[in-house]
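Participant: The structure that follows is given in the form of structure tokens.
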Amino acid sequence: MEKKMQAAAKQPSGVFADCELGSGFDEEFFLLNFGTRLLTAFTDREILIDIALETLADFSRGQRIAIMSLDESGKTLKVDGAFYQNQSVRPKVTFPVEGTAAGKWISQKAVGVAPLTLEDGVPLPAESGHEGENRCLCLPLIGSSFRPVGLATIEIPTDCCFDFFEAQQLRVLSTALAVSLENAKLFSRVIHDSLTNLYTRRFYEIRVEEELAKLKRNSGHLSVILFDLDEFKKVNDSFGHLTGDEVLRQFSALMMNHVRKGSTLVSRYGGEEFILLMPDARVEEALHMAERITSLCAEHDFGDDRRKIRITVSGGVAFTDHTQAVSPAELFERADQALYEAKHKGRNRVVVWKNKSAPHRI
């Protein structure tokens with residue numbers, strides 16, 4: 001232990017000091033354990049960033065904190081989130097890596113302190129500074145296979161000094177954060193469709209089971225909308241599958257721009273079929289949403305500058321509430337019946353499921 005403490009004290013900045021582990025050790029260990037468990041408990045990147053910022057603020061007593069991730073090329077740092085005056089913000093800024101002090105700290109893969117510079121309110125390491133100025137604590141985020149995935153930076157007072165255990169806390173937290181960010185990225189790739197970036201059918205199936213289970217415990221409503229692009233095969237046959245893929249991407253973006261953010265789950269169900277899960281939404285709200293998207297689609301020019309494509313979409317709306325015991329398959333069948341009726345009536349329209357026998361398929 002003594003050798004480890006001496007090694008920690010040999011950081012180039014002198015910010016880490018030797019200490020004896022006093023009576024607060026158990027409490028600090030508990031907080032560290034809690035913090036790392038909290039970080040690894042979430043796969044939603046936005047939630048993870050907020051928790052990480054607050055956790056680093058609690059442990060470091062820093063004035064400004066930023067978490068940045070490396071892009072795929074490793075040449076740019078994107079600010080995922082910043083923390084200042086007890087508030088989390090999302091500055092939409094990026095910084096270069098090559099030839100910068102930030103790049104040097106990432107390549108060293110070691111926690112340490114550098115002179116501070118502030119850019120757009122984001123603390124960054126600088127090559128040089130003046131005596132008495134605040135400093136920048138750099139926490140390279142090292143993921144699996146000892147690969148850098150980003151950088152966390154903390155503005156600290158010039159007289160701030162971390163003892164050995166506090167330094168180790170920050171190292172452990174930065175490692176937990178790096179691994180959590182990697183897991184969040186992998187999870188995102190699993191639950192998102194690679195072409196449209198919408199949620200996958202499997203993720204919809206998981207979520208609809210959860211929402212139906214909630215209805216059994218609590219009162220409420222649940223609606224779904226099943227969309228199918230009309231005569232989409234003609235697009236592929238006439239313009240090719242690459243153009244067809246672009247139409248799917250553009251229709252997906254159109255839906256995402258007009259749904260209720262944070263509550264409506266939009267998934268690609270398969271091929272040119274899409275399904276919207278709307279918790280706590282009555283059938284009237286779902287119908288209004290479906291009709292709006294149908295109208296916007298009919299008026300939209302798909303394709304690119306070389307070629308404009310017009311295409312329509314049909315929709316089926318299904319619903320349930322806490323008074324009904326409906327399975328995920330039954331709810332989908334309702335939407336599918338309504339969609340079939342919309343197609344049967346001429347396409348480019350929305351039909352709401354009614355409790356009657358579905359028309360026979362041709």
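Participant: If Val317 satisfies all but one of (1) touching a residue at least 40 places away in the same chain (Cβ under 8 Å); (2) touching a Lys or Arg at 6+ places or on another chain (Cβ under 8 Å); (3) closer than 22 Å to Glu285 by Cβ, what's the number of the condition it fails?
Facilitator: Unmet for Val317, out of (1) touching a residue at least 40 places away in the same chain (Cβ under 8 Å); (2) touching a Lys or Arg at 6+ places or on another chain (Cβ under 8 Å); (3) closer than 22 Å to Glu285 by Cβ: (2).
Participant: Being among the β-branched types (Val, Ile, Thr), more than 27 Å from Leu215 (Cα to Cα) and not in a loop (DSSP other than H, G, I, E, B) is the filter here, so list the residues in the range 295-351 that pass it.
Facilitator: Scanning the range 295-351 gives Ile309, Val313.
Participant: Looking only at the range 255-277, how many residues end up being surrounded by 16 or more Cβ atoms within 10 Å (Cβ to Cβ) and within 20 Å of Arg347 (Cα to Cα)?
Facilitator: 8
Participant: Consider the range 49-105. How many of its residues are within 17 Å of Pro125 (Cβ to Cβ) and of a type in the set (Val, Ile, Thr)?
Facilitator: Count: 8.
Participant: Moving on. Which count do you get for residues in the range 50-79 that are more than 18 Å from the chain's Cα centre (by Cα) and in a strand (DSSP E or B)?
Facilitator: 3
Participant: In addition: For the range 251-263, what are the residues that are within 15 Å of Val317 (Cβ to Cβ) and at pLDDT 95 or above?
Facilitator: Result: Met255, single match.
Participant: Right, next: If a residue counts only when it is within 25 Å of Thr55 (Cβ to Cβ), which strands (runs of 3 or more DSSP E) contained entirely in the range 93-204 have at least 3 such residues?
Facilitator: Once the strands (runs of 3 or more DSSP E) in the range 93-204 are filtered for at least 3 residues that are within 25 Å of Thr55 (Cβ to Cβ), what remains is 112-119, 122-125, 135-142, 148-156.
Participant: Among the residues of the range 29-49, is any surrounded by 13 or more Cβ atoms within 10 Å (Cβ to Cβ) and at pLDDT 85 or above?
Facilitator: Scanning the range 29-49 turns up at least one residue that is surrounded by 13 or more Cβ atoms within 10 Å (Cβ to Cβ) and at pLDDT 85 or above.
Participant: Is the range 226-244 home to any residue that is surrounded by fewer than 16 Cβ atoms within 10 Å (Cβ to Cβ) and in contact with a strand residue (DSSP E or B) (Cβ under 6 Å, 6 or more places away or on another chain)?
Facilitator: Among the residues of the range 226-244, not one is surrounded by fewer than 16 Cβ atoms within 10 Å (Cβ to Cβ) and in contact with a strand residue (DSSP E or B) (Cβ under 6 Å, 6 or more places away or on another chain), which makes the answer no.
Participant: Run down Gly24, Gly99 and say which single residue is loosely packed, with under 12 Cβ neighbours inside 10 Å and modelled with pLDDT of 85 or more.
Facilitator: Among Gly24, Gly99, only Gly99 is loosely packed, with under 12 Cβ neighbours inside 10 Å and modelled with pLDDT of 85 or more.
Participant: Shifting gears a bit: Would you point out the residue of the range 233-264, among those that are outside any loop (DSSP other than H, G, I, E, B) and among the aliphatic types (A, V, I, L, M), that is farthest from the chain's Cα centre (by Cα)?
Facilitator: Val235
Participant: Now for a separate question. Find the residue count for the range 265-298, including only residues that are among the acidic types (Asp, Glu) and more than 24 Å from the chain's Cα centre (by Cα).
Facilitator: Total meeting the criteria: 4.
Participant: Pick from Ile309, Ile293: which is in contact with a Gly (Cβ under 8 Å, 6 or more places away or on another chain), crowded, with 20+ Cβ neighbours inside 10 Å and either hydrophobic (A, V, I, L, M, F, W, C) or in contact (Cβ under 8 Å) with a residue 60 or more places away in the chain (or both)?
Facilitator: Every option except Ile293 fails the conditions.
Participant: I'm trying to understand the selection: among the residues of the range 213-234, which are among the aliphatic types (A, V, I, L, M) and modelled with pLDDT of 95 or more?
Facilitator: Hits for the range 213-234 are Leu222, Val224, Ile225, Leu226, Leu229.
Here is a yes/no grid of residues against (1) outside the structural domain of Ser88 (by TED's automatic domain parsing); (2) crowded, with 20+ Cβ neighbours inside 10 Å; (3) out of contact with any helix residue (DSSP H, G or I) (no Cβ under 6 Å at 6 or more places or on another chain); (4) in contact (Cβ under 8 Å) with a residue 24 or more places away in the chain:
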site: Arg135; (1), (2), (3), (4): no, yes, yes, yes
site: Cys138; (1), (2), (3), (4): no, yes, no, yes
site: Ser145; (1), (2), (3), (4): no, no, yes, no
site: Glu155; (1), (2), (3), (4): no, yes, yes, yes
site: Thr158; (1), (2), (3), (4): no, no, yes, yes
site: Ser174; (1), (2), (3), (4): no, yes, yes, yes
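Participant: Another one. Considering only the range 265-291, how many residues are within 19 Å of Asp336 (Cα to Cα) and not in a strand (DSSP E or B)?
Facilitator: Here the count works out to 13.
The values are calculated or read from the model by the stated rules, or taken from the named source; none is laboratory data. This structure is a prediction, so every number in the text was calculated from the model and none was measured. Every residue, glycine among them, receives a Cβ derived from its backbone with ideal geometry; neighbour counts consider all protein chains shown.
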